[in-house]
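Contents: one structure, followed by commentary.
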């Protein structure tokens with residue numbers, strides 16, 4: 001799934017960010033088996049309480065979006081540089097981006113309501 005896939009749910013955004021935060025910490029995995037172990041370990045630390053949050057879909061989207069804009073090589077070397085990157089990333093967020101997130105959530109809720117919660121492909 002692409003980082004900002006329209007098929008991603010708010011929970012997907014949270015889980016993607018959480019797992020990335022747990023897996024990609026120095027020293028970085030040196031091989032695929034080590035990467036797989038880190039991913040499994042990160043997933044095993046996810047609790048039910050973590051999935052029950054008052055965060056909105058926009059919160060999940062914005063967290064992922066800002067992280068993707070800020071943490072690109074070369075990484076910020078100091079707090080002022082990090083602050084500038086965060087502000088710059090936030091300034092690129094448009095009202096259309098936020099409307100798209102809310103419209104997608106609204107669509108998904110409608111599908112769930114119409115199908116009475118049945119499994120649907122690509123929801």
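Considering only segment 56-123, give the helices (runs of 4 or more DSSP H) lying wholly within it that have at least 1 residues that are surrounded by fewer than 10 Cβ atoms within 10 Å (Cβ to Cβ) and modelled with pLDDT of 80 or more.
79-91, 95-114
Take segment 70-93 and flag every residue that is within 18 Å of the chain's Cα centre (by Cα) and without any contact (Cβ under 8 Å) to a residue 12 or more places away in the chain.
Correct list: 71, 72.
The values are calculated or read from the model by the stated rules, or taken from the named source; none is laboratory data. What you see is a predicted model; the values in this text were computed from it and never measured. Quick reminder, even Gly has a Cβ in these numbers, built from the backbone with ideal geometry, and neighbours come from all protein chains shown.
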